[in-house]
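Note sheet for the following structure.
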Amino acid sequence: MPAPEEPPPRSTTEPPPRPPKSGLLDKAAHIAAPGTVARLLSYFGNVYQRAYYTTLGVIPEDLQFSVQAMLAESPDAVFLPL
């Protein structure tokens, strides 16, 4: 049985191979941690609901919204300027 062939030696002037392209989530993970993003969404949802119900004359604390309700309202708050 013949011995396996060895790969040819790399030249020192050749750059190393590039890693595969990373996706959008990988790039976003380098900027902000998932916990930070969730906390920001919760904050925006809280501010949005507070402003909305205060404009209507309702005290938001009396409505007792859950954290899930705040997160559900956060996309409206984030994309409101668009």
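For every residue, the table says whether it meets (1) assigned to a loop (DSSP other than H, G, I, E, B); (2) open to solvent by 70 Å² or more (accessible area, probe 1.4 Å); (3) at pLDDT below 70.
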residue	(1), (2), (3)
E5	yes, yes, no
P8	yes, yes, yes
P15	yes, yes, no
S22	yes, no, yes
S42	no, no, no
G45	no, no, no
Y53	no, no, no
D62	no, yes, no
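Considering (1) at pLDDT 70 or above; (2) open to solvent by less than 90 Å² (accessible area, probe 1.4 Å), say which one A77 fails and leave the rest.
For A77, the exception is condition (1).
The values are calculated or read from the model by the stated rules, or taken from the named source; none is laboratory data. The shown structure was predicted, so the numbers you read here are calculated from the model rather than taken from an experiment. These area figures cover heavy atoms from the full protein model, side chains too; ligands, DNA and RNA do not enter into them. Shrake-Rupley method; radii C 1.70, N 1.55, O 1.52, S 1.80 Å.
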